[in-house]
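**Student:** I'd like to ask some things about the structure below.
Just so you know, all these numbers are worked out from the coordinates, no wet-lab data involved. Just so we're clear, the structure is a prediction, and the values are computed from it rather than from any experiment. Please note: Cβ atoms are built from the backbone with ideal geometry, for glycine as well, and neighbour counts cover all protein chains shown.
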């Protein structure tokens, strides 16, 4: 594996920050080496300096897309941190549906949800399964579920809804596997009734939130650790602009808004914390 020098790391870290918003500090040299070395080999580069020159000369931006796919951490699994899904089933969804049903502003109550770092789709599909299990289906409710991610490869897999045996084994119990998936080649593909509930698209959280509309629930879990404190504040401020006044924001179980944003108040239910406007 090609080793990276401190100056090379600094140059590439700045470049990655510019194209993705992902902040890599000193100490992440091994991560950059392991994630980018296959790209260097594919481009016949013998050093990270040579690789950076190739990147800057690529005016079509194809190498940048490959860098983002390689660097972005797509660590996820079905029903990750189970407590947020209990929060959905027993608190957030019943409360929201009660409000939306009483409002009678449409033929069917609406539910709009955004997974702001959906990776390969396990989070948003887990939510869709949880909704169906409590009777919230497209037949009775106007459901809009959006999953976004900066990685083209992650968005493509999420849209197709196919997972290998290892990905299926992480967090998915046999009953849900049988009910919501079909065996497909050497893996499993989520059934159309679930897949059609969600849409996925590429999005960089550092770019303006254009054309998203408003959401009742926004999940932004386990992604802010990759941004600088200043960028986190900007992203949370943008999230606030697309969240309904009575909406819910859910972040990672080990994350906090205490020093990030003063627009929200934390609330605890069971073992989970959710945020709403002050």
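**Student:** Per-residue ellipticity at 222 nm for the chain, helices alone: DSSP H runs ≥ 4 residues times -39500 (n - 2.57), over residue total, nearest 500 deg cm²/dmol?
**Tutor:** Mean residue ellipticity, 222 nm, calculated: -12000 deg cm²/dmol.
**Student:** Out of all Cα-Cα pairs in segment 6-71, roughly what percent, to the nearest whole number, are more than 15 Å apart?
**Tutor:** When every Cα pair of segment 6-71 is considered, 46 percent fall beyond 15 Å.
**Student:** Put a dot 7 Å past each Cα toward the Cβ at residue 276 and residue 207; how far apart are the dots in nm?
**Tutor:** Result: 3.4 nm between the two label points.
**Student:** Okay, next question. Can you give me the distance in nm between label points at residue 253 and residue 159, each placed 7 Å from the Cα along the Cα-to-Cβ direction?
**Tutor:** Calculated label separation equals 3.2 nm.
**Student:** Measuring from the lowest to the highest alpha carbon on each principal axis, how far does the chain reach, largest first, in angstroms?
**Tutor:** 63, 48, 34
**Student:** Could you work out how far apart the two model spin labels at residue 186 and residue 99 are, taking each label as a point 7 Å from the Cα in the direction of the beta carbon, and quote it in nm?
**Tutor:** 4.7
**Student:** Just subtract the alpha-carbon distance of residue 196 and residue 11 from 0.36 nm times their residue separation and send over the number in nm, one decimal.
**Tutor:** Going from the current span to full extension adds 62.4 nm.
**Student:** Work out how much length residue 237 to residue 56 would gain on full extension: take 0.36 nm times their residue separation and subtract the Cα-Cα distance, in nm to one decimal.
**Tutor:** Once the chain is fully extended between residue 237 and residue 56, it gains 62.0 nm.
**Student:** Going 7 Å from the Cα of residue 26 toward and past its Cβ, which residues in segment 210-235 have a backbone nitrogen under 19 Å from where you end up?
**Tutor:** Inside the label zone: 228-229.
**Student:** How much of the pair distance distribution for segment 177-269 lies past 18 Å, counting alpha-carbon pairs only, in percent?
**Tutor:** The proportion of pairs with Cα distances above 18 Å equals 57 percent.
**Student:** Same structure, new question: Would you mind ranking 219, 43 so that the residue whose beta carbon has the fewest other beta carbons within 10 Å leads the list?
**Tutor:** 43, 219
**Student:** I'd like the antiparallel share, as a percent to the nearest 5, of DSSP beta bridges with both residues in segment 86-224.
**Tutor:** 35
**Student:** Turning to a different aspect of this structure: Only Cα pairs under 8 Å and at least 6 apart count here; give the relative contact order of segment 83-277 as a rounded whole percent.
**Tutor:** Over segment 83-277, the number comes to 22 percent.
**Student:** Considering all projection directions equally, how large on average is the shadow of the alpha-carbon convex hull of segment 1-130, in square nanometres?
**Tutor:** 11.4
**Student:** Using only the Cα atoms, what convex hull volume per residue in Å³ does segment 139-219 have?
**Tutor:** Each residue corresponds to 129 Å³ of Cα convex hull volume.
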